[in-house]
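Undergrad: Dropping a structure here in structure tokens format, bear with me for questions.
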Amino acid sequence: MYTYNEWIILFNKTSKVLATLTGLFLITGIISVASPAAASEGDDEYEIYSLVNQARSQNGLNSLTRDGTLDSLARSWSQQMAGSMSLSHDGSMPSQAYAVCVNTSADNVGYGYTGGADIFYSWQASGGHNGTILAGAADSIGVGVAYAADGSQWATMVVCQVTPDAPPPVVTPPAPVTPPVVVTPPAPSPTPTKTSTPAPSPSSSGNSSSNSGQTGTGSSNGNNVNSTGNNNSNTNTPSKTTTVSCADNITACIDASVKIVTTTGETVTLNEKGELVDNDGNIVDVENVKFVDPETGKEITTTTITVPAEENSSVLTVNKETPLWVNIVGGLIGVLYVGTILYAFLYLINLKFPFFRKVQNLFVKK
């Protein structure tokens, strides 16, 4: 066991480590927020890029995104023109641009300007060059500016479509609606009527007995009584209405005429092994199906069934409990987290208020 002084020393060391880590996290966050995210507006290339998107917006077109590969191609060609002091289009530009473009690229070149705005407005004043600026199918741009030895400015811009067109949306036809199954209850059995037989007269008692035996009146009455007894037995059988989960009791929901479909609307049935299968015989997981009320066509998760009272115990429910080891690990993590926060808090109070240090010294043996 640690002594009181050893606990104080351990507490102070732990608090210092936590305070240091907290300071490092704060410094990292401040640096990440304060880092620059955009190029300077005074840069000629960025100025050309901004004016191009401004002109496209005024004409109802999408804005262009600067692409690193296109920037490199434009800047390399501007440097080559500045080195040779010769203005021309790069004949290999389209083939090089195909490294990122999905269609043919277009480019503008020029020289003798005094800044990014001067370059842009001279291109905009030319019909062919303005067509490149307002290319409707383009979504990306590259801009390159270079200076010759005599200080003259040379510029190139190239535009093209980099992102492929999105495929047409797939329209899924609605799932067919199965008409509800109408169950006709059986007709009730007729209630037997007792017929009283008059007592035979003394003179004809033998004949009456004989006739009674021939017609089978006694046999008929016996059958009626037995039939009535059977009907009373079925009518008085106790039953109970209960709600079951279709995910846990698929058979019960199928018996209740609940329709099972996949997420795409394909009908799912049970095979001989009790597995869910689609129309092609592929096994479908219960998590990938939904249960549909046949009358309303809406998705449901439970249904109501009627079962005999003695069969209620056969309806199973699934109890999902968290394993014990998960609870133990979670508790230990929680205790460690609370203890760490408490250490840091007490340490900060100890640094801020000298009074606590005086109280601490009263218990520390010198």
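Undergrad: Among the chymotrypsin sites (Phe, Trp or Tyr not before Pro) in the stretch 62-139, which ones are in a DSSP loop with at most 13 other Cβ atoms within 10 Å of the Cβ? Mind listing them?
TA: TYR98
Undergrad: Tell me, what ³J(HN,Hα) does each residue in the stretch 134-148 have, in order and in whole Hz, if you take phi through Karplus 6.51 cos²θ - 1.76 cosθ + 1.60 with θ = phi - 60° and put x for Gly and Pro?
TA: Coupling constants for the stretch 134-148: 9, 4, x, 7, 6, 9, 9, 9, x, 10, x, 10, 9, 10, 7 Hz.
Undergrad: Which residues' amide hydrogens lie under 5 Å from the amide hydrogen of THR303, considering only partners 5 or more residues apart or on another chain, with H built in the peptide plane?
TA: VAL244, CYS246
Undergrad: Provide the per-residue ³J(HN,Hα) series for the stretch 241-256, in order, calculated from phi with Karplus coefficients 6.51, -1.76, 1.60 and θ = phi - 60°, each as a whole number of Hz, with x at glycine and proline positions.
TA: 9, 9, 9, 10, 7, 5, 5, 9, 9, 5, 4, 4, 5, 5, 5, 8
Undergrad: Then there's this: Rounded to two decimals, what is Rg over Rh for the stretch 73-190 when you use alpha-carbon atoms and the Kirkwood radius?
TA: Ratio of gyration radius to Kirkwood radius for the stretch 73-190: 1.66.
Undergrad: Taking amide H positions as placed in the peptide plane 1.01 Å from N, state which residues far from ALA138 in sequence (5 or more) or on other chains have amide H under 5 Å from it.
TA: For ALA138, whose amide H was placed from the backbone, there are no distant partners under 5 Å.
Undergrad: Give me a comma-separated list of calculated 3J(HN,Hα) values for the stretch 273-287, in order, Karplus coefficients 6.51, -1.76, 1.60 applied at θ = phi - 60°, integers in Hz, x for any Gly or Pro.
TA: 8, x, 9, 7, 9, 8, 5, 8, x, 7, 6, 10, 6, 5, 6
Rule-based calculations on the coordinates, nothing more; no lab input. In this text, all values refer to a predicted model and were calculated from it rather than measured experimentally. Methodologically, a virtual Cβ is constructed for each residue, glycine included, from the backbone with ideal geometry; neighbour enumeration extends over all protein chains shown.
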